[in-house]
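J.: Handing you this structure, nothing more for now.
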Amino acid sequence: MIKVNDLHKTFEGKQVLRGVGFTVNTGETFGIIGKSGSGKSVLLKHLIGLLKPDVGEVWIDDKLISAMSFRKLQRVREKIGMVFQFGALFDSMTVSENIELALKKLTKLSGSSLNDRVTESLASVGLEGTEKLMPSELSGGMKKRVGIARAIAIKPEYMFYDEPTTGLDPVMTDTINRLIKKFKTDERITTVVVTHEMLTVYDVVDRVILLHEGKIQFDGTPEDIKKSDDLVVKQFITGDSTLLLQESR
Amino acid sequence: MIYIGARSIPIVVLTALFSGMVTSVQSAYQFSSWVPSWYVGSVVGNSVLLELAPMITGLVLTGRVGATIAAEIGTMRVTEQIDALESLSFDPVSFLILPRVVAGTIMFPFLIIIADVCGVFGGWVAATTSMDVTTYEFIKGFKTWFHPWDAWFGMIKATTFGFTITSIACYHGYYTRGGALGVGKATTTTVVISCVCIVFLDYLLAELFL
Ligand SMILES: Nc1ncnc2c1ncn2[C@@H]1O[C@H](COP(=O)(O)OP(=O)(O)O)[C@@H](O)[C@H]1O
Ligand SMILES: [Mg+2]
């Protein structure tokens, strides 16, 4: 379970988060949406301790990670697979070395069982046979899938995705949406997906929040969000840029 | 890490060779008639070991090594590779920064020994080919005013420069922000600040040790 209380974060005088709180139950798939620059990635980075809040708390499985030392965080991070927006593959290493690095650090696997896990993770994202390639040889969609393979390889209890489908073609978007759903049902993973694609929201998440000006503008199911009368919400899901202008006239 | 040393050798050899030759030619030119021309060996020896080799190597490697490190780590920052490392429980400081600073600090003295040798060799070539100085005279001049301490002082400079250049580069790379533009900025800042630090340290160390 993830619990976030009253999170505030300011960068150089710019208030990015101004009191965000929510709970993600175990096994749930939770969506975070909002326009570019609304602080989705910043929020996600707080959930894994990459950023520390100015005010507020982040709890994961009853551990207060927002105040943890690097050492202690290690114990928590063994349970979390993080997928970065552009894959964040280490570009001096091959695909398989990328995954091995994670496995060697966060699991006790070695030798052939380690190699088996690498093969298995790559197969689960449909990228068999890419072990020896360098990240620069991969397409955007492939990089994201290797990023997913690296995260899923450690068999995490939590998977965090930062914009997993942004900038991909519709078919690849569907492929990745299916992967997220597959890992959720096969492995009983608690999932947090940051996105601004409504298709991903309708397709994969159980509950969704909309970040707007540092606060939560909406919190509910994908069905609820379709029915919402809130203009900010409506504008976001329809993509109609004239909506708020008409209101203020 | 071997890269820091190995790939820098050609440029170090080249710059040291020519600065040794220039020193040789110019000092002979300034000696005019009342300084014996065999003094050129001592001028080349002293200026190369004490000043030219460490200084020029430092400045050249700021561009060669410092810029590379800053761009490398800066790119890792803006493409979230550093965040990814940390999310896998790696400490970015001990994983990325420490090895580079250590490698730089160890490698620099070796490169400067190479620069010393090439510089003196260049000076000898210039002296014997374009001037009336024989090999015997050049070596005599070199030996007469040679102090082992000068060479050691060059090594102290080398170590300090190596540590300084790599640390500055790592720092600016690590705190890069704002995409490709940010990487460019971090690289430029690294080179400018390193150059300033090197000339300043060069003076400071001379005050302290000489
Ligand atoms: N490390 C940082 N330092 C300063 N500002 C930052 C930092 N990280 C993010 N920001 C700022 O926070 C805001 C939200 O960024 P982000 O969370 O990446 O947005 P998005 O919702 O598109 O993921 C942006 O305006 C960004 O410039
Ligand atoms: Mg983002």
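J.: Does segment A:88-110 contain any residue that is within 16 Å of ligand 1 (Cβ to nearest atom) and surrounded by 18 or more Cβ atoms within 10 Å (Cβ to Cβ)? Let's see the steps before the verdict.
T.: Here is the first cut: in segment A:88-110, the ones within 16 Å of ligand 1 (Cβ to nearest atom) are A:88.
Checking which are surrounded by 18 or more Cβ atoms within 10 Å (Cβ to Cβ) leaves us with A:88.
Looking through segment A:88-110, at least one residue is within 16 Å of ligand 1 (Cβ to nearest atom) and surrounded by 18 or more Cβ atoms within 10 Å (Cβ to Cβ).
J.: Output the residues belonging to segment B:29-46 that are more than 15 Å from B:ILE113 (Cβ to Cβ) and surrounded by 22 or more Cβ atoms within 10 Å (Cβ to Cβ). If you could, list the steps in order and put the result at the bottom.
T.: Applying the first criterion (more than 15 Å from B:ILE113 (Cβ to Cβ)) to segment B:29-46 yields B:29-44, B:46.
Matches in segment B:29-46: B:VAL40, B:GLY41, B:VAL43, B:VAL44.
J.: Follow-up question, since we're still on this one. Only one of A:LEU51, A:LEU47 is surrounded by 14 or more Cβ atoms within 10 Å (Cβ to Cβ), aliphatic (A, V, I, L, M), under 30 Å from A:GLY239 (Cα atoms) and within 16 Å of ligand 2 (Cβ to nearest atom); which? Explain how you work it out, then say what you get.
T.: Details: A:LEU51 fails: under 30 Å from A:GLY239 (Cα atoms).
Residue meeting the stated conditions: A:LEU47.
J.: Taking the condition touching a His at 6+ places or on another chain (Cβ under 6 Å), more than 9 Å from chain A (Cβ to nearest Cβ) and touching a residue at least 24 places away in the same chain (Cβ under 8 Å), does B:ALA53 pass? Full working, then the answer.
T.: On the way: touching a His at 6+ places or on another chain (Cβ under 6 Å): no; more than 9 Å from chain A (Cβ to nearest Cβ): yes; touching a residue at least 24 places away in the same chain (Cβ under 8 Å): yes.
Considered against the rule, which asks whether it is touching a His at 6+ places or on another chain (Cβ under 6 Å), more than 9 Å from chain A (Cβ to nearest Cβ) and touching a residue at least 24 places away in the same chain (Cβ under 8 Å), B:ALA53 comes out as no.
J.: Among the residues in segment A:61-68, are any within 25 Å of A:ARG188 (Cα to Cα) and within 14 Å of chain B (Cβ to nearest Cβ)?
T.: yes
J.: Would you check if there is a residue in segment A:209-229 being within 16 Å of ligand 2 (Cβ to nearest atom), assigned to a helix (DSSP H, G or I) and more than 14 Å from chain B (Cβ to nearest Cβ)?
T.: The answer is no, given that none of the residues of segment A:209-229 is within 16 Å of ligand 2 (Cβ to nearest atom), assigned to a helix (DSSP H, G or I) and more than 14 Å from chain B (Cβ to nearest Cβ).
J.: Taking the residues in segment A:159-197 that are within 16 Å of ligand 1 (Cβ to nearest atom) and free of Cβ contacts under 8 Å to residues at least 60 places away in the same chain as candidates, determine which candidate is nearest to A:SER124 (Cα to Cα). Quick ask: steps written out before the conclusion?
T.: We begin by selecting, within segment A:159-197, every residue within 16 Å of ligand 1 (Cβ to nearest atom); these are A:160-167, A:192-197.
Applying the additional criterion that residues be free of Cβ contacts under 8 Å to residues at least 60 places away in the same chain yields A:165, A:167, A:197.
Values: A:THR165: 17, A:GLY167: 22, A:GLU197: 23 Å.
It comes out as A:THR165.
J.: Go through segment A:16-33 and give me each residue that's over 14 Å from A:ASN5 (Cα atoms) and surrounded by fewer than 23 Cβ atoms within 10 Å (Cβ to Cβ). It would help to see each step written out before you state the result.
T.: First pass over segment A:16-33, keeping only residues over 14 Å from A:ASN5 (Cα atoms): A:16, A:25-33.
The answer is A:VAL16, A:ASN25, A:THR26, A:GLY27, A:GLU28, A:THR29, A:PHE30.
J.: In segment A:86-100, is there at least one residue being within 14 Å of chain B (Cβ to nearest Cβ), within 16 Å of ligand 2 (Cβ to nearest atom) and closer than 30 Å to A:LYS234 by Cα?
T.: yes
J.: How do the pairs read when you match residues in segment A:17-39 that are within 14 Å of chain B (Cβ to nearest Cβ) with residues anywhere that are within 13 Å of ligand 1 (Cβ to nearest atom) and part of a strand (DSSP E or B), using Cβ under 9 Å and keeping only pairs 6 or more apart or on different chains?
T.: From segment A:17-39, the pairs are A:GLY37/A:VAL16.
J.: Looking at A:VAL42, A:VAL76 in this structure, which one is near ligand 1 (Cβ under 9 Å from one of its atoms) and within 14 Å of chain B (Cβ to nearest Cβ)? I'd like the intermediate steps shown before the answer.
T.: Working: A:VAL76 fails: near ligand 1 (Cβ under 9 Å from one of its atoms).
Answer to the check: A:VAL42.
J.: Does any residue of segment B:99-122 turn out to be polar (S, T, N, Q), modelled with pLDDT of 90 or more and assigned to a loop (DSSP other than H, G, I, E, B)?
T.: So the first thing to find is which residues in segment B:99-122 are polar (S, T, N, Q), and the list is B:105.
So of that shortlist, the ones also modelled with pLDDT of 90 or more come out as B:105.
Still in the running and assigned to a loop (DSSP other than H, G, I, E, B): none.
The answer is no; no qualifying residue exists.
J.: Let me ask something additional. Collect the residues in segment B:56-108 that are without any contact (Cβ under 8 Å) to a residue 12 or more places away in the chain, hydroxyl-bearing (Ser, Thr, Tyr) and within 10 Å of another protein chain (Cβ to nearest Cβ), keeping them in residue-number order.
T.: Those that are without any contact (Cβ under 8 Å) to a residue 12 or more places away in the chain, hydroxyl-bearing (Ser, Thr, Tyr) and within 10 Å of another protein chain (Cβ to nearest Cβ): B:THR79, B:SER87, B:SER89.
The values are calculated or read from the model by the stated rules, or taken from the named source; none is laboratory data. Just so it is clear, the model here is predicted, and its values are computed rather than measured. As a convention, Cβ positions derive from the backbone with ideal geometry for all residues, glycine included, and neighbour counts pool all protein chains shown.
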